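To keep things clear, I will list the structure first and then write my remarks on it.
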Amino acid sequence: MNDKDRRIVIGSDHAAFQMKEKIKSFLEEQGLTVEDVGPGSESSVDYPDFGKRVAAAVSSGEFSRGILMCGTGLGMSMVANRFPHVRAALCGDLFAARMSREHNDANILVMGGRVIGDVLAMAVVKTWLETPFEGGRHSLRLEKFDTIHPAS
Ligand code: RB5
(Lines give C-alpha, C1' and ligand atoms only; values in the text may rest on other atoms or scores of the structure.)
Protein backbone atom coordinates (compact mmCIF):
# COMPACT_ATOMS: atom_id res chain seq x y z
CA MET A 1 0.00 0.00 0.00
CA ASN A 2 1.53 3.35 -1.01
CA ASP A 3 1.27 6.52 1.12
CA LYS A 4 -1.68 7.90 -0.83
CA ASP A 5 -3.59 4.66 -0.28
CA ARG A 6 -3.17 5.16 3.46
CA ARG A 7 -5.66 8.06 3.33
CA ILE A 8 -9.21 6.80 3.06
CA VAL A 9 -12.33 8.86 2.43
CA ILE A 10 -15.39 7.29 3.98
CA GLY A 11 -19.13 7.99 4.04
CA SER A 12 -22.49 6.36 4.64
CA ASP A 13 -26.14 7.10 5.17
CA HIS A 14 -28.16 6.65 8.36
CA ALA A 15 -28.68 2.92 7.72
CA ALA A 16 -24.95 2.25 7.91
CA PHE A 17 -23.93 5.01 10.30
CA GLN A 18 -23.02 2.56 13.08
CA MET A 19 -20.98 0.47 10.69
CA LYS A 20 -19.19 3.58 9.41
CA GLU A 21 -18.14 4.50 12.93
CA LYS A 22 -16.79 1.00 13.56
CA ILE A 23 -14.94 0.85 10.24
CA LYS A 24 -13.48 4.29 10.89
CA SER A 25 -12.10 3.16 14.27
CA PHE A 26 -10.79 -0.04 12.69
CA LEU A 27 -8.95 1.92 9.98
CA GLU A 28 -7.46 4.34 12.47
CA GLU A 29 -6.26 1.42 14.62
CA GLN A 30 -4.44 0.17 11.49
CA GLY A 31 -2.64 3.53 11.29
CA LEU A 32 -4.63 4.86 8.35
CA THR A 33 -5.85 8.45 8.04
CA VAL A 34 -9.62 8.67 7.62
CA GLU A 35 -11.57 11.55 6.09
CA ASP A 36 -15.20 11.13 7.19
CA VAL A 37 -17.65 13.00 4.95
CA GLY A 38 -20.59 12.09 7.21
CA PRO A 39 -23.25 11.79 8.28
CA GLY A 40 -22.61 12.62 11.93
CA SER A 41 -25.61 10.81 13.38
CA GLU A 42 -28.28 8.19 12.68
CA SER A 43 -30.83 10.80 11.61
CA SER A 44 -32.34 9.99 8.24
CA VAL A 45 -30.43 11.34 5.25
CA ASP A 46 -30.39 10.72 1.50
CA TYR A 47 -27.56 8.41 0.46
CA PRO A 48 -26.76 10.26 -2.81
CA ASP A 49 -25.74 13.34 -0.80
CA PHE A 50 -22.98 11.41 0.96
CA GLY A 51 -22.13 9.02 -1.84
CA LYS A 52 -21.31 11.91 -4.13
CA ARG A 53 -18.85 13.39 -1.63
CA VAL A 54 -16.76 10.22 -1.48
CA ALA A 55 -17.07 9.54 -5.20
CA ALA A 56 -16.04 13.09 -6.11
CA ALA A 57 -12.99 12.89 -3.85
CA VAL A 58 -11.86 9.68 -5.57
CA SER A 59 -12.87 10.79 -9.06
CA SER A 60 -10.78 13.96 -8.76
CA GLY A 61 -7.73 12.04 -7.55
CA GLU A 62 -7.72 13.76 -4.17
CA PHE A 63 -8.04 10.29 -2.63
CA SER A 64 -7.06 7.01 -4.26
CA ARG A 65 -9.36 4.89 -2.07
CA GLY A 66 -12.82 5.37 -0.61
CA ILE A 67 -15.36 3.35 1.35
CA LEU A 68 -19.13 3.80 1.14
CA MET A 69 -21.92 2.11 3.06
CA CYS A 70 -25.70 2.26 2.99
CA GLY A 71 -28.36 -0.26 3.99
CA THR A 72 -27.85 -2.60 1.06
CA GLY A 73 -24.83 -1.01 -0.59
CA LEU A 74 -26.83 -0.82 -3.81
CA GLY A 75 -27.73 2.86 -3.82
CA MET A 76 -24.20 3.94 -2.96
CA SER A 77 -22.81 1.72 -5.75
CA MET A 78 -25.17 3.29 -8.27
CA VAL A 79 -24.24 6.81 -7.21
CA ALA A 80 -20.48 6.24 -7.06
CA ASN A 81 -20.24 4.54 -10.46
CA ARG A 82 -21.67 7.62 -12.19
CA PHE A 83 -18.38 9.43 -11.53
CA PRO A 84 -15.50 9.27 -14.03
CA HIS A 85 -12.59 7.04 -13.00
CA VAL A 86 -14.58 5.56 -10.12
CA ARG A 87 -14.75 1.78 -9.95
CA ALA A 88 -17.00 1.08 -7.00
CA ALA A 89 -17.47 -2.55 -5.96
CA LEU A 90 -20.20 -3.83 -3.66
CA CYS A 91 -18.56 -6.59 -1.64
CA GLY A 92 -20.25 -8.88 0.88
CA ASP A 93 -17.57 -11.55 1.12
CA LEU A 94 -13.80 -11.95 1.06
CA PHE A 95 -13.68 -13.44 -2.44
CA ALA A 96 -15.48 -10.44 -3.93
CA ALA A 97 -13.21 -8.09 -1.96
CA ARG A 98 -10.07 -9.79 -3.29
CA MET A 99 -11.27 -10.06 -6.88
CA SER A 100 -12.51 -6.47 -6.95
CA ARG A 101 -8.93 -5.43 -6.36
CA GLU A 102 -7.03 -8.07 -8.36
CA HIS A 103 -9.16 -7.87 -11.51
CA ASN A 104 -11.14 -4.62 -11.31
CA ASP A 105 -8.75 -2.31 -9.45
CA ALA A 106 -11.77 -1.11 -7.46
CA ASN A 107 -11.09 2.28 -5.91
CA ILE A 108 -14.26 2.46 -3.81
CA LEU A 109 -15.39 -0.39 -1.59
CA VAL A 110 -19.14 -0.47 -0.95
CA MET A 111 -20.82 -2.51 1.77
CA GLY A 112 -24.37 -2.99 2.99
CA GLY A 113 -24.72 -2.21 6.67
CA ARG A 114 -27.98 -4.16 6.82
CA VAL A 115 -26.47 -7.08 4.94
CA ILE A 116 -23.18 -8.05 6.56
CA GLY A 117 -22.07 -8.09 10.17
CA ASP A 118 -19.33 -5.94 11.64
CA VAL A 119 -16.72 -8.70 11.91
CA LEU A 120 -17.11 -9.71 8.26
CA ALA A 121 -17.15 -6.05 7.21
CA MET A 122 -13.79 -5.46 8.89
CA ALA A 123 -12.33 -8.56 7.24
CA VAL A 124 -13.66 -7.36 3.87
CA VAL A 125 -12.04 -3.95 4.43
CA LYS A 126 -8.69 -5.52 5.41
CA THR A 127 -8.66 -7.83 2.38
CA TRP A 128 -9.71 -5.02 0.05
CA LEU A 129 -7.02 -2.67 1.32
CA GLU A 130 -4.23 -5.24 1.24
CA THR A 131 -4.90 -6.84 -2.15
CA PRO A 132 -2.98 -5.33 -5.08
CA PHE A 133 -4.27 -4.95 -8.64
CA GLU A 134 -2.87 -7.68 -10.91
CA GLY A 135 -2.57 -5.43 -13.97
CA GLY A 136 -1.73 -7.16 -17.29
CA ARG A 137 -4.80 -8.28 -19.21
CA HIS A 138 -7.00 -6.67 -16.57
CA SER A 139 -5.51 -3.23 -17.33
CA LEU A 140 -6.48 -3.63 -20.97
CA ARG A 141 -10.04 -4.43 -19.93
CA LEU A 142 -10.28 -1.45 -17.62
CA GLU A 143 -8.96 0.81 -20.39
CA LYS A 144 -11.99 -0.24 -22.44
CA PHE A 145 -14.28 1.43 -19.88
CA ASP A 146 -13.28 4.81 -21.31
CA THR A 147 -14.12 3.73 -24.85
CA ILE A 148 -17.73 2.84 -24.01
CA HIS A 149 -20.18 5.50 -25.18
CA PRO A 150 -23.71 4.11 -24.75
CA ALA A 151 -25.28 6.70 -27.05
CA SER A 152 -23.16 5.72 -30.08
C1 RB5 B 1 -32.31 3.62 3.33
O2 RB5 B 1 -33.51 3.22 3.87
C3 RB5 B 1 -31.87 2.67 2.23
O4 RB5 B 1 -32.70 2.82 1.12
C5 RB5 B 1 -30.44 2.92 1.85
O6 RB5 B 1 -29.65 2.75 2.98
C7 RB5 B 1 -29.85 2.00 0.80
O8 RB5 B 1 -30.01 0.66 1.13
C9 RB5 B 1 -30.19 2.30 -0.59
O10 RB5 B 1 -29.73 1.67 -1.53
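What to note about this one:
- Lysine pair count for the chain with Cα-Cα distance under 28 Å and sequence separation of 8 or more or different chains is 14.
- Applying Stokes-Einstein at 20 °C and 1.002 mPa s to the Kirkwood radius of the stretch 34-92, computed over alpha-carbon pairs, gives a translational diffusion coefficient of 184 µm² s⁻¹.
- Normalised per residue, the volume of the convex hull around the Cα set of the stretch 49-152 (Å³): 101 Å³
- Maximal additional length on extending the Leu74-Leu120 stretch stands at 14.8 nm, based on 0.36 nm per residue less the C-alpha distance.
- Once divided by 2.2 N^0.38 Å, the Cα radius of gyration of the stretch 78-131 becomes 1.07.
- Based on Cα contacts under 8 Å between residues 6+ apart, the chain shows a relative contact order of 23 percent.
- The stretch 6-43 and the stretch 64-82: distance between their alpha carbon centers, rounded to Å: 13 Å
- Estimated 222 nm signal from helices in the chain, with DSSP H stretches of n ≥ 4 weighted -39500 (n - 2.57), rounded to 500: -12000 deg cm²/dmol
- Packing-based ranking, highest mean first, of 99-107, 23-31, 61-69, 39-47 given that Cβ atoms within 10 Å are counted: 61-69, 99-107, 23-31, 39-47
- Segment Arg82-Arg141, extension gain: residue separation times 0.36 nm, minus the distance between their alpha carbons: 19.4 nm
- Note that the chain presents 51 Å² accessible area per residue, ligands and nucleic acids not counted, probe 1.4 Å.
The values are calculated or read from the model by the stated rules, or taken from the named source; none is laboratory data. Bear in mind that the values here come from a model prediction, so they are computed numbers and not experimental data. Note that each Cβ is placed from the backbone with ideal geometry, even for glycine, and that neighbours are counted across all protein chains shown. With ligands, DNA and RNA removed, areas are computed over all heavy atoms of the protein, side chains included. Shrake-Rupley method; radii C 1.70, N 1.55, O 1.52, S 1.80 Å.
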